[in-house]
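In what follows, a structure is listed as structure tokens, so that the remarks can point back to it.
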Protein chains: 2
Amino acid sequence: MREERDTKPRTAALLGGGVIGGGWAARLLLAGVDVRLYDPASDAEQGVIATLDRARRAWRRLTMAPLPPEGSLTVTDSISEAVSDAELVQESAPEREALKRELLSQASHAALSTAIIASSTSGLLPSRLSTDMDGPERFLVAHPFNPVYFLPLVELVGGPQTATSTIEHAASIYRSLGMRPLVVRREIDGFIADRLLEALWREALWLVNDDVATVEEVDDAITYGAGLRWAAMGIFLTYRLGGGEGGMRHFLEQFGPALALPWTHLTDVPTLDQALLEKLVTQSDAQADGRSADELMRVRDDCLVAILQGLRGQSFGAGEALARYERALIGDSAAHLRDATDDAGGTLRLHQVIVPTDWIDYNGHLTESRYLDVLAESTDAFLRLIGIDGDYIADGHSYYTVETHIRHIAEASAGEHLYTETRLLAHDQKRLHLFHEMRRQGDETLLATGEHMLLHVDRTAAATAPAEPAVLASLSAIADTQRELPWPEAAGRVGRRP
Amino acid sequence: MREERDTKPRTAALLGGGVIGGGWAARLLLAGVDVRLYDPASDAEQGVIATLDRARRAWRRLTMAPLPPEGSLTVTDSISEAVSDAELVQESAPEREALKRELLSQASHAALSTAIIASSTSGLLPSRLSTDMDGPERFLVAHPFNPVYFLPLVELVGGPQTATSTIEHAASIYRSLGMRPLVVRREIDGFIADRLLEALWREALWLVNDDVATVEEVDDAITYGAGLRWAAMGIFLTYRLGGGEGGMRHFLEQFGPALALPWTHLTDVPTLDQALLEKLVTQSDAQADGRSADELMRVRDDCLVAILQGLRGQSFGAGEALARYERALIGDSAAHLRDATDDAGGTLRLHQVIVPTDWIDYNGHLTESRYLDVLAESTDAFLRLIGIDGDYIADGHSYYTVETHIRHIAEASAGEHLYTETRLLAHDQKRLHLFHEMRRQGDETLLATGEHMLLHVDRTAAATAPAEPAVLASLSAIADTQRELPWPEAAGRVGRRP
């Protein structure tokens with residue numbers, strides 16, 4: 001099933017470079033889009049660069065797919081300069097309606113007539129924000145979530161004047177950045193997500209206000225329980241499972257009556273007076289325990305990396321959005337592999353892997369047997385390269401490993417990119433002598449070496465047998481390209497040699 | 001930092017074996033606790049066994065730490081039979097106060113005076129539930145979250161009559177099962193978590209009721225956005241980061257005023273009439289897309305496995321609860337192994353495994369890297385035997401494998417029972433030289449041999465260091481019992497020797 005290609009803009013204009021605008025800048029730049037930033041604050045550029053640093057680090061840990069060359073960041077002195085050739089204009093100013101209306105109006109006069117103009121507002125109505133705009137049919141709300149460079153959700157909300165084609169074009173643009181657009185059916189204050197978040201936030205404030213729980217206890221009540229589910233499944237799917245095979249109907253029949261007995265402070269709104277504010281600030285400082293915001297943001301990003309990678313392995317929820325983006329980034333994976341082997345010269349780079357979280361042992365490092373997993377996969381890749389494919393095996397022939405010698409040299413951690421370089425040390429009609437070096441991408445640290453003796457077998461005769469001529473020809477060709485490479489210092493230590 | 005040992009009960013009584021009771025049964029049995037189940041429903045046992053199957057599968061994927069031998073499940077005909085020798089009585093009947101009061105009253109008359117008696121209620125007050133009990137000082141609410149066998153959170157709520165020691169003892173029991181107790185400071189309807197969940201649930205119902213969004217769109221608004229954060233960080237810590245280095249104070253000053261402009265349906269409660277019920281059921285069925293509850297529960301569990309493993313790698317939130325439980329499991333297993341091998345002379349049989357179907361490669365046999373899996377597990381078991389337990393590792397010491405030599409001799413198939421016999425070939429203060437023979441039970445065929453060189457390291461100093469005297473004493477004792485065994489024919493082929 002082919003996925004339709006999304007249209008990535010070349011240039012985007014950002015109005016506002018705070019937490020949200022900076023997050024947009026990082027997402028766009030890492031997707032290869034040039035960014036023109038307008039922000040009257042003198043420290044805006046510095047903040048954007050700090051956010052970009054965090055985003056780069058997080059994305060490098062997240063995916064092995066090749067990210068495109070980064071876009072360029074230009075800070076402009078005026079709105080018109082920022083928007084002049086932008087295909088996307090994204091406004092992320094503070095949540096004051098008058099201010100946003102003014103910015104959007106100015107941008108609409110200077111922007112291309114074909115540009116998409118979007119506001120990052122978390123709840124203001126698009127029909128009001130576009131009041132003073134030229135061409136309001138180009139305008140919509142595109143509401144992202146913090147960290148914008150990482151969370152896939154973006155709510156798209158049009159007003160009565162927004163063209164259907166604007167929503168479709170915008171959805172394609174945001175998908176091209178790895179995001180998951182959620183089109184909100186009609187204008188409503190707070191859209192969908194922030195209405196839900198507001199309900200939770202108010203109840204959380206009451207719990208602290210009434211001294212039922214501290215800030216940290218409220219957070220623990222989420223992160224050790226329902227929060228773990230919400231990363232994978234939403235409210236309704238979770239409760240459906242609470243109904244067992246009877247599903248949602250059974251759940252509602254069982255728990256519906258409880259709606260008549262509200263526990264929450266539904267009819268009341270907490271007053272954020274000085275006493276409550278001080279309590280919240282003091283408890284929040286205690287929870288942060290001296291860690292800076294930047295430090296906590298890195299922890300958050302590392303957790304999100306691990307969660308997204310985990311969900312990608314399940315092809316579920318946000319993991320599917322990530323997998324989709326990676327497919328787009330990789331394009332033709334065969335071509336990608338060919339490039340990789342060409343670049344490696346005589347040595348073959350046939351296998352790479354990001355260390356999954358479930359390969360980590362109680363020492364916090366790559367568990368022993370997974371070293372052989374990586375080495376054995378490299379052997380398999382080598383066998384595929386010389387023509388040992390499904391048909392060959394179905395005909396009753398294969399290579400079997402008879403002896404393995406591993407040197408464990410350094411540790412690896414979850415999320416690290418590992419690759420192997422493979423040497424064909426020797427071969428004859430029946431035997432193969434392979435040597436892999438397993439390294440970490442980035443600092444190229446040698447983590448392990450694997451030396452492997454394989455025998456070619458005829459499984460129907462249950463005996464060793466010479467390999468097919470085509471396979472032997474491939475082996476000779478590879479041996480030729482590697483003739484000049486020095487003998488690996490660590491090789492030749494297995495007991496039996498060819 | 002030493003962790004205090006928690007007290008795991010030998011026997012627990014469960015009153016009610018539905019979704020929650022079944023989840024308790026699975027968690028307790030997998031932690032090695034014997035369970036006595038009382039449930040008048042004829043299909044209760046069947047449901048518990050299905051839940052146990054799911055839980056077993058999920059835990060096997062979750063951790064490489066050795067789970068204890070499973071407890072035994074006994075279905076009883078009466079409450080008194082169930083509770084007679086139980087150290088923990090856990091009531092998980094439907095949420096009807098009169099029913100729970102009656103069950104708890106009966107249980108309190110038959111239970112040990114030292115037993116902890118707990119209710120799984122998600123919001124009823126302990127002071128009311130314990131009205132008719134003998135010895136209400138033993139009673140508390142212990143509110144778990146679905147799936148109970150997997151989510152760590154359990155809210156502990158005492159009433160005015162609950163003894164402080166009851167709360168402390170219960171917290172220790174639930175921690176011993178790998179859970180994270182959250183002590184709620186005082187009685188309140190809905191405790192902490194369900195007040196938060198209720199607020200979210202009501203707003204979600206309104207969004208569907210008013211056709212702002214479908215069930216699936218509401219869920220997407222969570223799982224592609226804030227839900228990913230909530231698996232790692234709660235409401236307050238997340239918003240603290242929204243305030244940048246200004247923290248909670250800056251966040252509140254910026255967004256506090258929005259509290260006066262509520263978006264949510266705070267003042268109203270949705271009526272769950274037939275029309276709304278049908279809408280929810282129809283949309284939920286569409287979202288499930290033909291997948292059974294069991295199928296979706298496995299997806300959920302696999303996602304939770306990935307999320308928990310990811311968070312463990314970050315030592316954050318629920319990942320820290322998992323890491324703590326793993327350390328305890330390793331310690332328990334070491335004690336268990338020492339008991340089992342006290343009188344053993346000669347070769348040590350420390351590890352056995354039934355070959356799972358997903359260990360089989362395209363040749364139809366045990367895949368290459370799983371040979372090292374079996375050998376490495378045997379090395380781990382040997383290390384536990386000589387005292388390398390959770391505390392030892394937490395103190396920064398461990399043995400690391402530096403060299404491995406495997407001879408692959410014969411094939412193995414799915415379902416076969418394999419075991420290893422372990423020899424300590426040599427050791428000194430820093431080095432270990434181990435040799436495993438891996439055999440098939442039945443015909444005792446030798447499948448592989450593994451020869452392993454390990455170094456003792458001080459991880460804080462990132463250098464080799466002598467092992468603790470107690471460990472060296474264990475090694476000497478084992479060497480003595482193996483003195484008469486002949487040198488293995490295949491050993492001594494690794495390059496470097498001690």
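Read-outs throughout are calculated quantities, based only on the coordinates presented, and are distinct from any laboratory measurement. What you see is a predicted model; the values in this text were computed from it and never measured. Here the Cβ is made from the backbone with ideal geometry for all residues, glycine too, and neighbour counts use every protein chain on show.
Toward the positive end of the charge dipole of chain B, with +1 on the Cβ of Lys and Arg and -1 on the Cβ of Asp and Glu, the farthest Cα among B:Ala86, B:Leu182, B:Gly242 is that of B:Gly242.
Between segment B:281-325 and segment B:385-434, how far is it from one alpha carbon centroid to the other, in angstrom? First find each Cα centre; the distance between them is then 33 Å. To the nearest ten degrees, helix A:19-30 and the longest principal axis of the Cα atoms of chain A are 30 degrees apart. Specify the angular offset, from 0 to 90 degrees and rounded to the nearest 10, of the alpha carbon long axis of helix A:274-288 from the longest principal axis of the alpha carbons in chain A. It is inclined by approximately 10 degrees. Remark: label point of B:Ala286 defined 7 Å out from Cα along the Cα-Cβ vector; separations to the same position in other copies 4.7 nm, ascending.
For segment B:1-56, the Stokes-Einstein estimate of translational diffusion at 4 °C and a viscosity of 1.567 mPa s comes to 109 µm²/s, using the Kirkwood hydrodynamic radius over alpha-carbon pairs. Taking every alpha-carbon pair within segment A:95-239, the share separated by more than 17 Å comes to 67 percent. In plain terms, if you count all Cα to Cα distances in segment B:11-191 and split them into 5 Å steps from zero, the share in each step is 1, 9, 19, 23, 22, 15, 7, 3, 0, 0 percent. Of the trypsin sites (Lys or Arg not before Pro) in segment B:449-494, the ones in a loop by DSSP (not H, G, I, E or B) with at most 10 other beta carbons within 10 Å are B:Arg483.
When +1 charges are put on Lys and Arg Cβ atoms and -1 charges on Asp and Glu Cβ atoms, the dipole computed for the protein assembly as shown relative to its Cα centre reaches about 1520 debye. Residue by residue along A:397-408, Cβ atoms of other protein chains within 10 Å of the local Cβ number 6 on average.
Taken about its Cα centre, chain B carries a charge dipole of roughly 1440 debye when the Cβ of each Lys and Arg holds +1 and the Cβ of each Asp and Glu holds -1. Computed from backbone phi with θ = phi - 60° and the Karplus coefficients 6.51, -1.76 and 1.60, the 3J(HN,Hα) list for segment B:182-195 is 10, 7, 7, 4, 8, 4, 7, 3, x, 6, 9, 4, 6, 5 Hz; x is used for glycine and proline.
When the helices of chain B are scored as -39500 (n - 2.57) per DSSP H run of n ≥ 4 and the total is divided over every residue, the value at 222 nm lands at -13000 deg cm²/dmol. Shielding of peptide A:140-147 by partners, expressed as the average count of other chain Cβ atoms within 10 Å per residue Cβ, is 2. Across peptide B:207-220, the average count of Cβ atoms from other chains found within 10 Å of a residue's Cβ is 6. Projecting the Cα atoms of B:Gly23, B:Ala13, B:Ala107 onto the charge dipole of segment B:1-138 (Cβ charges, centred on the Cα centre) puts B:Gly23 farthest toward the positive pole. Relative contact order of segment A:361-498, taken over Cα pairs closer than 8 Å and 6 or more residues apart, is 26 percent. Between A:Arg291 and A:Glu97, the C-beta separation translates, for a Förster distance of 25 Å, into a calculated FRET efficiency of about 0.10. On the beta carbon distance between B:Glu278 and A:His250, with R0 = 25 Å, the FRET formula returns roughly 0.95.
Note on B:Gln429 and A:Asp189: the model spin-label points, each 7 Å out from Cα along the C-beta direction, lie 7.4 nm apart.
Between segment B:68-91 and segment B:37-67, how many Å separate their Cα centres? So the two Cα centres are separated by 15 Å. Derived scalar couplings between HN and Hα for segment B:40-53 equal x, 5, 6, 9, 5, 4, 4, x, 5, 5, 5, 5, 4, 4 Hz in order, rounded to whole Hz, by the Karplus curve 6.51 cos²θ - 1.76 cosθ + 1.60 (θ = phi - 60°), x for Gly and Pro. Remark: relative contact order (chain B) = 10 percent; criterion is Cα-Cα distance under 8 angstrom and separation of 6 or more residues. Between copies, A:Pro40 shows label-point distances of 7.3 nm, shortest first, with the point placed 7 angstrom from Cα along Cα to C-beta. Between copies, the label points at A:Glu468 (set 7 angstrom from Cα along Cα-to-Cβ) are spaced 5.8 nm, reported in nanometres from shortest to longest.
Calculated on C-alpha atoms, the gyration radius of the protein assembly as shown divided by its Kirkwood radius gives an Rg/Rh of 0.99. Principal-axis analysis of the Cα atoms of chain B puts helix B:164-176 at an angle of about 50° to the longest axis. Positive-end ranking of B:Met297, B:Ala461, A:Ile192 along the dipole of the protein assembly as shown, with charges on Cβ about the Cα centre, is headed by B:Ala461.
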